[in-house]
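Notes follow once the structure below has been shown.
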Amino acid sequence: MTTDKDQSMDDQSPAVVFAAKGIDVTPSKDEGVLKVVKNQGEDGDRPMIGDKVAVHYTGKLINGKKFDSSMERKKPFTFSLGKGQVIKGLDIGVSSMQRGEVCMLLCKPAYAYGSAGCPPKIPPNAMLQFEVELLSFKGEVLTDDGGITRRIKVKGEGYNNPNDGSTVHVHLEGRCEERLFDSRDVHFVVGESEDMGVPLGVDRAMEKMQKGECCMLYLKPKYGFGKEGRAQYKIGPNSDLVYEVTLNSFQKAKESWELDQKEKLKLSAAAKQKGTQYFKAGRYLQAVVQYQRVVSWLEMEFGVGKEEQQKLQDFLLAAQLNLAMCYLKLREYALVVENCNKVIELDEKNEKALYRRGEARLFRNEFSLAMSDFKLVLQVNPSNRAARGQVSICQRNIREHHEKDKKIYANMFQKFAERDVKAGKGKRRRGEDSGVMNENHQVAIKRRRRSQDHGQDCP
């Protein structure tokens, strides 16, 4: 709704309005972007770099000619703030707004389309004005399951990021329900932050950060301290955490393509040992990181001789089998099957792969497939008592499943039969009623005929 104040602003020329009320929101204070607030937003947070923002806007040239409007399209415009997806003036202007705020922005050419313009609608060296409403904003989600969300407070330098195995130096502050429980400078190796008491969520975010960046990380329990919590920090089970992290410096590890085969085997042995250490401690996600390292290093390697090739394959199979075991613990059964299939492609009689795939399929209620896997295990090793027991469990589940199906179908057929009986009774009743009506109709016709015949005898 347009207020009297808004109407008076609209009646004045942009130059007058911005000269009188415009606030310079550029970091360099060169008046490249001036802002006038029309409607105040909600008190509180403002969008940060990387946030996904949704806005409505109308863009005009300085002479008032409209060149674009999301309002006319009746669809909000969304973009990631500070990522160069829009002109610089909009990035700067929107970052200064609060949710629900409506403002006017005046952008000089250097903060708009510059000397090139944007033909045919925007000429070269055009100064632009926008009316913008900030509808919503949310942080950047770093994982497919939504477990880590990042919001950047201070943008880092350049485009270089730590890689897996980098040594990083960070300052971090951890909070749980706004209580500060951890504040320190710490060095750790990316992929091994657990050794320094740093949660997996902070570790996984490192590969997205640049030197000097300061960001907020919002961690779900899976990427924090999990269902165990952390007694040292008085963190209860399944607690959400918030970390403010500043990446002060880092030293990159060699990329896979920079390593020779001997180096890869040495690193793989260390990663396997580290993964086993994490697995025994119940840190299954951290163990996954280590075993995935081995796979990434070795899956494309080929040994010079038969002995070397066998050594590479043994390392690779062990890593994939261990991944399958980790995913069983994490109840990620599709990933268990995927890793077991990779092992079976290389070794079709691998007892552990067949057994673990059977377990995953059993948990997914794929009883026939699971039983087939356990029977294959018994073909490889007839004395595997666990597999024999699992076959019996599968058979029992299949019988119970069939019994349930029988009951379901029996009840279904019973209902159909009862419905058919009711329908038959209804038809007979209608038939009887129809017979009575026909009989009454015939009697009425006969009476009318007799009456007519009698009438003809009268004078």
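The values are calculated or read from the model by the stated rules, or taken from the named source; none is laboratory data. Remember, it's a predicted structure, so these values are computed and weren't measured experimentally. So basically every Cβ, Gly included, is an ideal-geometry build from the backbone, and we count neighbours across all protein chains shown. Calculation scope for accessible area: heavy atoms of the full protein, side chains included, ligands and nucleic acids excluded. Shrake-Rupley method; radii C 1.70, N 1.55, O 1.52, S 1.80 Å.
Is it the case that some residue within the stretch 289-300 is at pLDDT below 95 and farther than 21 Å from ASP164 by Cα?
No - not one qualifying residue is present in the stretch 289-300.
May I ask you to verify whether PHE250 is touching a strand residue (DSSP E or B) at 6+ places or on another chain (Cβ under 9 Å), within 19 Å of ASP195 (Cβ to Cβ) and touching a residue at least 40 places away in the same chain (Cβ under 8 Å)? Show your work before the answer.
Working: touching a strand residue (DSSP E or B) at 6+ places or on another chain (Cβ under 9 Å): yes; within 19 Å of ASP195 (Cβ to Cβ): yes; touching a residue at least 40 places away in the same chain (Cβ under 8 Å): yes.
Taking the combined requirement at face value, the residue satisfies it.
Just name the residue that is farthest from the chain's Cα centre (by Cα) out of those in the stretch 56-80 that are in a loop (DSSP other than H, G, I, E, B) and over 21 Å from ASP30 (Cα atoms).
ASN63
Go through the stretch 137-159 and report how many residues are surrounded by 12 or more Cβ atoms within 10 Å (Cβ to Cβ), part of a loop (DSSP other than H, G, I, E, B) and not small (Gly, Ala, Ser).
Selection size over the stretch 137-159: 3.
Is it fair to say GLY84 is open to solvent by less than 70 Å² (accessible area, probe 1.4 Å), out of contact with any strand residue (DSSP E or B) (no Cβ under 9 Å at 6 or more places or on another chain) and in contact (Cβ under 8 Å) with a residue 24 or more places away in the chain?
No, not satisfied.
Would you confirm whether or not the stretch 401-421 contains a residue that is in contact with a helix residue (DSSP H, G or I) (Cβ under 7 Å, 6 or more places away or on another chain), of a type outside the set (A, V, I, L, M, F, W, C) and at pLDDT 75 or above? Give the derivation first.
Of all residues in the stretch 401-421, those in contact with a helix residue (DSSP H, G or I) (Cβ under 7 Å, 6 or more places away or on another chain) come to 401.
Adding the requirement that they be of a type outside the set (A, V, I, L, M, F, W, C) leaves 401.
Keeping just the survivors that are at pLDDT 75 or above gives 401.
For the stretch 401-421, residues in contact with a helix residue (DSSP H, G or I) (Cβ under 7 Å, 6 or more places away or on another chain), of a type outside the set (A, V, I, L, M, F, W, C) and at pLDDT 75 or above: present.
The rows are residues; the columns are (1) in the same structural domain as GLN286 (by the TED database); (2) assigned to a helix (DSSP H, G or I); (3) open to solvent by 40 Å² or more (accessible area, probe 1.4 Å).
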site	(1), (2), (3)
LEU323	yes, yes, no
TYR327	yes, yes, no
ARG331	yes, no, yes
ALA334	yes, yes, yes
VAL337	yes, yes, no
CYS340	yes, yes, no
VAL343	yes, yes, no
LEU354	yes, yes, no
ASN365	yes, no, yes
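Looking at the stretch 256-293, which of its residues are closer than 28 Å to MET325 by Cβ and in a loop (DSSP other than H, G, I, E, B)?
Listed by number, the residues that qualify are LEU259, ALA281, GLY282, ARG283.
Determine the pairs where a residue that is under 12 Å from LYS264 (Cβ atoms), located within the stretch 302-326, has a partner that is not in a helix (DSSP H, G or I) with Cβ atoms under 8 Å apart, the partner being 6 or more residues away or on another chain.
These pairs meet every condition: LYS311/GLY303; LEU312/GLU301; LEU312/PHE302; LEU312/GLY303; LEU316/GLU299.
Quick one: would you say VAL17 is part of a helix (DSSP H, G or I) and either in the same structural domain as PRO119 (by the TED database) or open to solvent by less than 80 Å² (accessible area, probe 1.4 Å) (or both)? If you could, list the steps in order and put the result at the bottom.
Values: part of a helix (DSSP H, G or I): yes; either in the same structural domain as PRO119 (by the TED database) or open to solvent by less than 80 Å² (accessible area, probe 1.4 Å) (or both): yes.
Judged against the criteria, VAL17 is a match.
Taking the conditions exactly as written (out of contact with any strand residue (DSSP E or B) (no Cβ under 9 Å at 6 or more places or on another chain) and at pLDDT 90 or above), does PRO47 satisfy them or not?
Details: out of contact with any strand residue (DSSP E or B) (no Cβ under 9 Å at 6 or more places or on another chain): no; at pLDDT 90 or above: yes.
Against the criterion (out of contact with any strand residue (DSSP E or B) (no Cβ under 9 Å at 6 or more places or on another chain) and at pLDDT 90 or above), PRO47 does not qualify.
Would you mention how many residues in the stretch 234-261 are at pLDDT below 95 and of a type in the set (Phe, Trp, Tyr)?
1
Exactly one of (1) among the hydrophobic types (A, V, I, L, M, F, W, C); (2) closer than 18 Å to THR26 by Cβ; (3) open to solvent by less than 60 Å² (accessible area, probe 1.4 Å) is unmet by MET127. Its number?
Every listed condition holds for MET127 apart from (3).
Here are some conditions: (1) touching a Lys or Arg at 6+ places or on another chain (Cβ under 8 Å); (2) closer than 16 Å to MET48 by Cβ. LYS155 meets all but one. Which one does it not meet?
(1)
So GLU42 passes all but one of these: (1) closer than 30 Å to GLN210 by Cα; (2) open to solvent by 40 Å² or more (accessible area, probe 1.4 Å). Which condition number does it fail?
GLU42 satisfies every listed condition except (1).
Quick check on my filter: what residues within the stretch 40-63 are more than 11 Å from GLU131 (Cα to Cα) and out of contact with any helix residue (DSSP H, G or I) (no Cβ under 8 Å at 6 or more places or on another chain)? Break it down stepwise before answering.
Taking the stretch 40-63 and keeping what is more than 11 Å from GLU131 (Cα to Cα), we get 40-54, 61-63.
Listed by number, the residues that qualify are GLN40, GLY41, GLU42, ASP43, GLY44, ASP45, GLY50, ASP51, LYS52, ALA54, LEU61, ASN63.
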